[in-house]
Structures are given as C-alpha cells and as structure tokens.
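> To start, I am sharing the structure in question, which I have written as structure tokens.
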C-alpha cells in the first residue's frame, strides 16, 4: 500500500471513531487526541478601530444646510451618526488587520508551546512523549487533520486588495464648473473593480487555500517507504523534509 493510501486509510479510521463523514474540503471533526494542543482559532472579522465614516474626526459635514453648528455660521457639521462622536466604532477588519491579529495569536501560541517543550505536529503542538509514541502514519494523519498554515496569510487565505489597499473603494475627483465659470473639485468614490468592494483578494502565496505548500519529497503524504534491505525488512518512516507534516 502506498503512503498516500495508508494516510487516507488512517484518516478514514480516525473519522469512523468520531462518527464524522470524510470531506476533503474541511478538517475532520472530533476532539483532538490526548496530549495534542490545536492551533488558535481564526482571527475575528470585526473589531474596534477608527470610524470609517468620519475618519476619526467625530464629526461629518451635514447634508442639511439648515443645521448650523459652527461658531462663525459657515461650518455645517454634526456628530458622526456611526460613532456618535466617539471617533471609534466596531467595524469590519481589513484583510491585513486580520492577518496581523492571526500572526500575533500564532506567535504567542508557539512561544507558549515551545516553552513547555512540546513538538510541532502540523499546525498544532504535542507533548513529546505522546508524539514519539505515535506510528508514522498516525502522526501524518494528525498533521493532515491540522495542516500547516500559509506563512503569508497565516491560514486565512486572504490579503489586502493591491489596488484599493483594503478599502474596498477608490476615491476619485471630478472637476465641474459652477455658475460663475470657476472650476470646482468634487470628490466621489467608486467600489473597487479589482476586489468587487470587499477590500480583499486571495493570498498570492497559497492562492487562497490558506495552507502551506505540499511537500514535494513525499507528495503531501508525510511518510515515505524505505525498501527492504538484506539485513532488515521494508518499513515506513516520517518524511525527512516535512517531518511528517506533509507541508512545508
């Protein structure tokens, strides 16, 4: 049996114990084995930050010119309706902000696990004794269940749109002539055509998968077969390049 077939069999067997169907597009369900510490969850999609409506000023220009709050009778401003003058509010996080939060959480997680002398297995960590007790195929199956994330997007599969810098819109100006013939500059915004207004694009490194590249030495199996020799039988061992993770 080839390494890939053994890996698929180990995954199927583990899923059968958990009572979950095998689906390639998502990680198998069920609790992690004893002694294994899963990676941190995905970064939140929303967070508190500078209000995008007033750009942190706390006020906006009033659409109703009858409202006059300026001291000299010329500034038509009102408290920002989104943040109510607080200058900050809950808002959707850009792809770059989410990746930054994910990287911070991942770095803190790795420091804690390494301080406890645990060893990496896929995207998670495991007690050294428990990891060494696993058979190579079982360890590769566990790493496939928690695959290593892409180093660029930290497993989120997205990055800021390169055209709008994560804003989701493009600011433009229009020059118009008033009644007196003078040229006036009128700013306006349009949804970014590159990202469709979302502000994010698939990560270029992993092409949106969120995963590290498949190990070329073992073709993602995490294990390799060692043929029989005169003084020993054939056996299966962890891939020397990816250490059983299947990805690098």
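> With in a strand (DSSP E or B) and either surrounded by fewer than 20 Cβ atoms within 10 Å (Cβ to Cβ) or at positive phi (or both) as the only criterion, which of 172, 163 stands out?
Values: 163 fails: in a strand (DSSP E or B).
Answer to the selection: 172.
> Also: Report yes if some residue within the range 29-47 is surrounded by 14 or more Cβ atoms within 10 Å (Cβ to Cβ), out of contact with any helix residue (DSSP H, G or I) (no Cβ under 9 Å at 6 or more places or on another chain), farther than 16 Å from residue 222 by Cβ and at pLDDT 75 or above; otherwise report no.
Yes, the conditions are met somewhere in the range 29-47.
> Taking the condition of being more than 14 Å from the chain's Cα centre (by Cα) and either surrounded by fewer than 10 Cβ atoms within 10 Å (Cβ to Cβ) or closer than 28 Å to residue 91 by Cβ (or both), how many residues in the range 144-160 meet it?
Summing the residues that are more than 14 Å from the chain's Cα centre (by Cα) and either surrounded by fewer than 10 Cβ atoms within 10 Å (Cβ to Cβ) or closer than 28 Å to residue 91 by Cβ (or both) in the range 144-160 gives 0.
> Between 217, 248, 230, which is surrounded by fewer than 20 Cβ atoms within 10 Å (Cβ to Cβ) and within 27 Å of residue 41 (Cβ to Cβ)?
Numbers: 217 fails: within 27 Å of residue 41 (Cβ to Cβ); 230 fails: within 27 Å of residue 41 (Cβ to Cβ).
Matching residue, one of 217, 248, 230: 248.
> Is it the case that some residue within the range 91-105 is closer than 27 Å to residue 215 by Cα and in contact with a helix residue (DSSP H, G or I) (Cβ under 9 Å, 6 or more places away or on another chain)?
Scanning the range 91-105 turns up no residue that is closer than 27 Å to residue 215 by Cα and in contact with a helix residue (DSSP H, G or I) (Cβ under 9 Å, 6 or more places away or on another chain).
> Under 30 Å from residue 94 (Cβ atoms) and either crowded, with 16+ Cβ neighbours inside 10 Å or in contact with a helix residue (DSSP H, G or I) (Cβ under 9 Å, 6 or more places away or on another chain) (or both): which single residue out of 222, 199 fits that description?
Working: 222 fails: under 30 Å from residue 94 (Cβ atoms).
That would be 199, the only listed residue that is under 30 Å from residue 94 (Cβ atoms) and either crowded, with 16+ Cβ neighbours inside 10 Å or in contact with a helix residue (DSSP H, G or I) (Cβ under 9 Å, 6 or more places away or on another chain) (or both).
> How many of the residues in the range 79-103 are closer than 24 Å to residue 155 by Cβ and part of a loop (DSSP other than H, G, I, E, B)?
2
> Within the range 203-212, can one find any residue that is within 30 Å of residue 143 (Cα to Cα), out of contact with any helix residue (DSSP H, G or I) (no Cβ under 7 Å at 6 or more places or on another chain), assigned to a strand (DSSP E or B) and modelled with pLDDT under 95? Give the derivation first.
The first filter runs over the range 203-212 and keeps only residues within 30 Å of residue 143 (Cα to Cα), leaving 203-212.
Retained after the next criterion (residues that are out of contact with any helix residue (DSSP H, G or I) (no Cβ under 7 Å at 6 or more places or on another chain)): 203-212.
From what's left, assigned to a strand (DSSP E or B): 211.
After this cut, where a residue has to be modelled with pLDDT under 95 as well, the list is none.
No - not one qualifying residue is present in the range 203-212.
> Within the range 150-161, is there a residue that is touching a strand residue (DSSP E or B) at 6+ places or on another chain (Cβ under 7 Å) and over 30 Å from residue 123 (Cβ atoms)?
no
> Could you tell me whether residue 141 is surrounded by 21 or more Cβ atoms within 10 Å (Cβ to Cβ) and touching a helix residue (DSSP H, G or I) at 6+ places or on another chain (Cβ under 6 Å)? Spell out the reasoning first.
Details: surrounded by 21 or more Cβ atoms within 10 Å (Cβ to Cβ): yes; touching a helix residue (DSSP H, G or I) at 6+ places or on another chain (Cβ under 6 Å): yes.
The answer is yes for residue 141.
> What are the residues in the range 182-202 that are more than 32 Å from the chain's Cα centre (by Cα) and not in a loop (DSSP other than H, G, I, E, B), if any? Even if it seems obvious, please write down each step before you answer.
First, the residues of the range 182-202 that are more than 32 Å from the chain's Cα centre (by Cα): 182-187.
Across the range 182-202, the qualifying residues are 183, 184, 185, 186, 187.
> In the range 222-233, what residues are part of a strand (DSSP E or B), more than 16 Å from residue 148 (Cα to Cα) and either in contact (Cβ under 8 Å) with a residue 40 or more places away in the chain or out of contact with any strand residue (DSSP E or B) (no Cβ under 9 Å at 6 or more places or on another chain) (or both)?
Within the range 222-233, the subset part of a strand (DSSP E or B) is 223-226, 229, 232.
After this cut, where a residue has to be more than 16 Å from residue 148 (Cα to Cα) as well, the list is 224-226, 229, 232.
Answer for the range 222-233, where residues must be part of a strand (DSSP E or B), more than 16 Å from residue 148 (Cα to Cα) and either in contact (Cβ under 8 Å) with a residue 40 or more places away in the chain or out of contact with any strand residue (DSSP E or B) (no Cβ under 9 Å at 6 or more places or on another chain) (or both): 224, 225, 229.
> So, one more: Only one of (1) surrounded by 10 or more Cβ atoms within 10 Å (Cβ to Cβ); (2) over 23 Å from the mean Cα position of the chain (by Cα); (3) assigned to a loop (DSSP other than H, G, I, E, B) is not met by residue 236, so which one is it?
(3)
> Moving to a separate point now. Being over 16 Å from residue 107 (Cα atoms), touching a helix residue (DSSP H, G or I) at 6+ places or on another chain (Cβ under 7 Å) and crowded, with 20+ Cβ neighbours inside 10 Å: is that true of residue 121 here? Full working, then the answer.
Values: over 16 Å from residue 107 (Cα atoms): no; touching a helix residue (DSSP H, G or I) at 6+ places or on another chain (Cβ under 7 Å): yes; crowded, with 20+ Cβ neighbours inside 10 Å: yes.
Considered against the rule, which asks whether it is over 16 Å from residue 107 (Cα atoms), touching a helix residue (DSSP H, G or I) at 6+ places or on another chain (Cβ under 7 Å) and crowded, with 20+ Cβ neighbours inside 10 Å, residue 121 comes out as no.
> Please verify whether residue 131 is surrounded by 14 or more Cβ atoms within 10 Å (Cβ to Cβ) and within 26 Å of the chain's Cα centre (by Cα), treating the condition exactly as stated.
Values: surrounded by 14 or more Cβ atoms within 10 Å (Cβ to Cβ): yes; within 26 Å of the chain's Cα centre (by Cα): no.
It is false that residue 131 is surrounded by 14 or more Cβ atoms within 10 Å (Cβ to Cβ) and within 26 Å of the chain's Cα centre (by Cα).
The values are calculated or read from the model by the stated rules, or taken from the named source; none is laboratory data. Just so it is clear, the model here is predicted, and its values are computed rather than measured. Cβ: placed from backbone, ideal geometry, glycine included. Neighbour counts: every protein chain shown.
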